[in-house]
Structure formats: C-alpha cells, structure tokens
Amino acid sequence: MINNAPILVMVYDRLESLQKCIETLQKCEESVHSTLYVSSDQAYKTDDILKVIAVREYIKTIDGFKEVIPIFHNENKGLNGAYQFATDLIFEKYERIVFLEDDIIVAPNFLKFMNEGLEFYKNDSKVISISGFSHSVFFEIEAVFKSKIYFTNRWCPWGFATWKNKIENIPNLTVSILKSDLKDKNFVKKLNDIGIDLFTIFKRKLFKNEALQLDYKLVHYMIKKDLYTVTPYTSKTFNIGNDGNGSRTKKSKKYMKFDNKQLENAIPFQFSAFSFDKVDNNFNFVVNNTKLNQFKKILNKIGLLQLGYSINETKKKWKRSIKK
C-alpha cells in the first residue's frame, strides 16, 4: 500500500478560490488518508487584513482529510518565504510532498496520479517532479494518448509532487551565474525549446538584479541537469486564478474560457519509464509563443529589450504615483 504524501496548499487572501481548491481535493478518494497543510501568509497591506482573517476562519473548518494542519504566519513572508518555511517543516517529517496554490482545482484522481507517480518514478534519476497540469488542455488530443504521459523540461507549479532528496540540495542561483548562462548558446536554445517567454523573463530578472525563485529557478536547474517533469496528456489540474485577482498571474481570456467541468471525469492513466522519445516540449512552446513574447524576442535581438523594461518600470511608477 502506498503511503500518501502530505499536501501543501498555499493561500494569501482569496477565500473563494481556496474553497474551490479544497472542495475538489475532498472529492479525491485519497484525501481521507492524506495530511493537509494549509499555509496562510499574513497581510502585507491594511486593506487585506480582513480578507486574510476570513481565509483563516475557513481553514479552521476544513475537514475530509486525515489531518488538517494550519500554518498561520504572524508577519508577511511573501510567497518565497512562506513556501520555504512550509516545505522545510514538512520535510522534517516526510520524504515527499504534493503542492498546490489556492487557485488550483483538481480532477477526482489527482491525488491518485500524484501518489502513484511518486512511487513509480522515485528511483528514476531523470525525473524531478510529477505535474498535474498540462498545456495539452488547449489542444485536441487523440484518444490513444489520453491515458498516457509525456516528459518535459519545464517545471509547472500548477499542482505538482516531488521528493525531498531530489530538490533539497538545489544550489542557489546567483545573478552572475544566470547572466553567464544567458550568453551560452546551447543553454538559450534549450530554454527557447520549452517556451520563448523564459529567455525574456530571465533577462528581466537581470535588469532588476533579482535572482530566479521557485519554479523559474527549478526550470533553470532542470535545463542545466537535463531533468524532466512527468506530465499527463489529460490534465489533472487547472488554474482558475487567471482572472486578474492573483499575485502572480495576469487576467487571461484564454484560461478563463476553459470549461472546468472537463476535470470532473477521472480519466484513467498509465505511467511509463522515462525515454527520450517520450519527451514532448511542443505544448509548452506553442502556448507560450505569443505575439508579445515574439515582440520581446525581437527587441532583445536589436538591443532594445532593456530599454523596453526601463520604459515599463517608469510607466508603473507613474501609475502608482497617480493612485496616491
């Protein structure tokens, strides 16, 4: 019998999305045998205090799991700090983890997929994580593939599972290392193969003199070490936070058009050992090959990307000053 990995859900101030996330998790048969950690960060501005309080009152009422362990921070840690605190706490006791942010809803067999995947690939040195989400949701998938999985070099934070021993020793990624890697043609080619958005995102980090964090840091690590994420052709999760209310995602009509009912059917799945012929970065590439990202790529090629970032930052500061 597989020991179910603990589940970590992170939330800030979005009560409604958290409720939907928990409600879909409760429909997974494995939920009653799983320990749920819910990390609630403290408000970083006065306007959010009451919303955070409401979120915490709801967390106290959650049931349907083996155990519910709230993590209530007394000061704002930010996404990175709250994530590190929670994962450190969980890894003191467990060797595996299932992670979601509050805006992720899941299929009825999401936890089954995660836990069986963690067991199946635990000794596979090429696999660093199990992803619940797949960009294949935006494409017609042939019936023969719907129960299968593929491998991609791109980390996906929209519901994933991983192992302590595979991520705990990932080295810090400094600005100087990132700057050097972005001059490496081989690294840049691999980066562009999984989405042309990543290069300009990384360049923006250099412009702001910021190190990569969380999923972007993990993408960098995966490319450098040639590691892969297991991904289902039939997605087991979806992000409902692309409505403009989240802290990390902008409003997206494409994602808002998705019919969430597609997740209600527990499509069977089958795992298979890693092999290079099952690597498929096409979904990631096509979805992220937007006109805006193409434009940014052109700006970088002609040496105007940094100027574009400067103008954008000036525009943001001007808008903030107007609001005051």
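The values are calculated or read from the model by the stated rules, or taken from the named source; none is laboratory data. As the structure is a prediction and not an experimental result, all values here were calculated from the model. Cβ placement follows ideal geometry from the backbone for every residue including glycine, while neighbour counts extend to all protein chains displayed. Areas reflect the complete protein model, heavy atoms only, side chains present, ligands, DNA and RNA absent. Shrake-Rupley method; radii C 1.70, N 1.55, O 1.52, S 1.80 Å.
Among all residues of segment 86-101, there is none that is assigned to a loop (DSSP other than H, G, I, E, B), in contact with a Phe, Trp or Tyr (Cβ under 9 Å, 6 or more places away or on another chain) and buried (at least 22 other Cβ atoms within 10 Å of the Cβ). Selection within segment 8-24: residues that are of a type outside the set (A, V, I, L, M), part of a helix (DSSP H, G or I) and open to solvent by 10 Å² or more (accessible area, probe 1.4 Å). The member of this set that is farthest from residue 51 (Cα to Cα) is 24.
One residue stands out in segment 171-214 among those that are among the aromatic types (Phe, Trp, Tyr) and over 22 Å from residue 83 (Cα atoms): the one that is least open to solvent (accessible area, probe 1.4 Å), namely 187.
The residues in segment 41-55 that are open to solvent by 30 Å² or more (accessible area, probe 1.4 Å) and either touching a Cys at 6+ places or on another chain (Cβ under 8 Å) or closer than 29 Å to residue 164 by Cα (or both) can be counted, and the count is 1. Beta carbons closer than 8 Å, at least 6 apart along the sequence or on distinct chains, pair a first residue in segment 12-24 that is farther than 20 Å from residue 261 by Cβ with a second that is assigned to a helix (DSSP H, G or I) and among the acidic types (Asp, Glu) for 12/48; 13/48. Of everything listed in (1) over 30 Å from residue 210 (Cβ atoms); (2) without any contact (Cβ under 8 Å) to a residue 24 or more places away in the chain, the single unmet condition for residue 147 is (2).
For (1) in contact with a strand residue (DSSP E or B) (Cβ under 6 Å, 6 or more places away or on another chain); (2) among the basic types (Lys, Arg), each residue gets a yes or a no:
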| residue | (1), (2) |
| --- | --- |
| 5 | yes, no |
| 11 | yes, no |
| 16 | no, no |
| 24 | yes, no |
| 36 | yes, no |
| 54 | no, no |
| 63 | no, no |
| 77 | no, yes |
| 93 | no, yes |
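Of the numbered criteria (1) on the phi < 0 side of the Ramachandran plot; (2) open to solvent by less than 50 Å² (accessible area, probe 1.4 Å); (3) of a type outside the set (Asp, Glu), the one residue 64 fails is (1).
If the condition is being of a type in the set (Gly, Ala, Ser), in contact (Cβ under 8 Å) with a residue 40 or more places away in the chain and surrounded by fewer than 22 Cβ atoms within 10 Å (Cβ to Cβ), then segment 118-139 contributes only 136. Restricting attention to segment 276-290, the residues being part of a helix (DSSP H, G or I), of a type outside the set (S, T, N, Q) and either open to solvent by 60 Å² or more (accessible area, probe 1.4 Å) or within 14 Å of residue 149 (Cβ to Cβ) (or both) number 6. Test residue 112 against the criterion of being touching a residue at least 40 places away in the same chain (Cβ under 8 Å), touching an Asp or Glu at 6+ places or on another chain (Cβ under 8 Å), open to solvent by 10 Å² or more (accessible area, probe 1.4 Å) and not in a strand (DSSP E or B), and give yes or no. Considered against the rule, which asks whether it is touching a residue at least 40 places away in the same chain (Cβ under 8 Å), touching an Asp or Glu at 6+ places or on another chain (Cβ under 8 Å), open to solvent by 10 Å² or more (accessible area, probe 1.4 Å) and not in a strand (DSSP E or B), residue 112 comes out as yes. Within segment 43-58, residues that are closer than 13 Å to residue 15 by Cα and at pLDDT 95 or above sit with their Cβ atoms under 8 Å from residues that are part of a helix (DSSP H, G or I) and of a type outside the set (Asp, Glu), at 6+ positions apart or across chains, in these pairs: 51/15; 54/15; 55/15; 55/18; 58/15; 58/18; 58/19. Do the conditions hold for residue 160, that is, is it open to solvent by 40 Å² or more (accessible area, probe 1.4 Å), of a type in the set (Phe, Trp, Tyr) and on the phi < 0 side of the Ramachandran plot? No, not satisfied. Scan segment 25-43 and tell me whether some residue there is part of a helix (DSSP H, G or I), in contact with a Phe, Trp or Tyr (Cβ under 7 Å, 6 or more places away or on another chain) and not hydrophobic (A, V, I, L, M, F, W, C). Within segment 25-43, one or more residues are part of a helix (DSSP H, G or I), in contact with a Phe, Trp or Tyr (Cβ under 7 Å, 6 or more places away or on another chain) and not hydrophobic (A, V, I, L, M, F, W, C). Here residue 40 fulfils each of the conditions (1) touching a Ser or Thr at 6+ places or on another chain (Cβ under 7 Å); (2) within 19 Å of residue 75 (Cβ to Cβ) apart from (1). For residue 105, are the conditions met, namely being more than 28 Å from residue 169 (Cα to Cα) and under 17 Å from the mean Cα position of the chain (by Cα)? Answer is yes for this residue.
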